[in-house]
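The values are calculated or read from the model by the stated rules, or taken from the named source; none is laboratory data. If you're wondering where the values come from, they're calculated on a predicted model, not measured in any experiment. When we count neighbours, we look across all protein chains shown, and the Cβ atoms used for this are built from the backbone with ideal geometry, even at glycine. Surface areas here come from the heavy atoms of the whole protein model, side chains and all, with no ligands, DNA or RNA. Shrake-Rupley method; radii C 1.70, N 1.55, O 1.52, S 1.80 Å.
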Amino acid sequence: MNKRILIVDDDLMNLRFAEFVLKDNNYTIIKAESGMECLEIIKTTKVDLILLDIEMPVMNGIQTLELIRNNDKYMNIPVMFLTADAVLESVVKAAQLGAVEYIKKPFKPEELLFRVNKFFK
């Protein structure tokens with residue numbers, strides 16, 4: 001069965017690019033344009049990994065991950081940050097919240113695919 005990856009980014013070009021890189025590699029891609037949409041999706045859909053941007057309006061990626069980690073039903077969903085935010089405070093907070101990876105945008109397709117494939121091995 002294909003692994004389900006939820007990509008969360010408010011930038012449609014970033015969403016489409018990450019989907020393009022991953023979709024032909026036996027991954028089922030689900031897309032969300034906000035942290036709030038991400039939280040709604042995981043209520044009804046099993047996902048194996050979340051790729052999460054940090055800089056989003058209303059609810060940023062760190063806030064989204066905090067809500068995921070504070071919910072017993074979703075707290076174990078692995079999260080990789082895929083973000084242009086490389087501020088040390090964000091990197092540290094992501095690690096403290098249990099992010100499994102922190103990929104800086106702009107990313108190379110090979111890097112994203114390698115890190116996701118490595119995670120699922």
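General observations
- The simple Förster model, with R0 at 25 Å and r as the Cβ-Cβ distance, assigns Asn2 and Met36 a FRET efficiency of 0.45.
- Candidate lysines for bridging to Lys73, where Cα separation is under 29 Å - those fewer than 8 sequence places away on the same chain excluded: Lys3, Lys23, Lys31, Lys43, Lys46, Lys93, Lys104, Lys118, Lys121
- Centre separation in Å (Cα based) which lies between region 1-78 and region 84-106: 15 Å
- Global form of region 79-121, assessed from the alpha-carbon gyration tensor, a/c cut-off 1.5: oblate
- Note on Met75: accessible area approximately 70 square angstrom, rounded to 10, probe 1.4 Å, nucleic acids and ligands left out.
- Carbon + sulfur, % of accessible area of region 39-114 - ligands and nucleic acids excluded, 1.4 Å: 57 percent
- Positive-pole candidate from Thr44, Met13, Asn60, dipole of region 1-117, charges at beta carbon: Thr44
- P(r) tail for region 7-121: Cα pairs beyond 26 Å make up 9% of the total.
- Student exercise, the chain dipole from Lys, Arg, Asp, Glu Cβ charges, in Debye to nearest 20: 520 debye
- Sorting Glu37, Glu110 by accessible area puts them as Glu110, Glu37; the probe is 1.4 Å, largest comes first, and only protein heavy atoms count.
- Relative contact order [Cα under 8 Å, 6+ residues apart], region 8-66, whole percent: 40 percent
- Take every Cα pair under 8 Å whose residues are at least 6 apart in sequence, average their separation, divide by the length of region 68-121, and the relative contact order is 34 percent.
- Extension gain, Val100 back to Gln63 (0.36 nm per residue minus Cα-Cα distance, nm): 11.7 nm
- Here the label points at Met75 and Arg16, each 7 Å from Cα along the C-beta direction, are separated by 4.0 nm in the simple model.
- Solvent exposure of the chain as accessible area per residue, Å², 1.4 Å probe: 56 Å²
- Length added when fully stretched, Asn26-Glu55, from 0.36 nm per residue minus Cα-Cα: 7.6 nm
- Using C-alpha pairs under 8 Å with a sequence gap of at least 6, the mean separation divided by the residue count of the chain gives a relative contact order of 23 percent.
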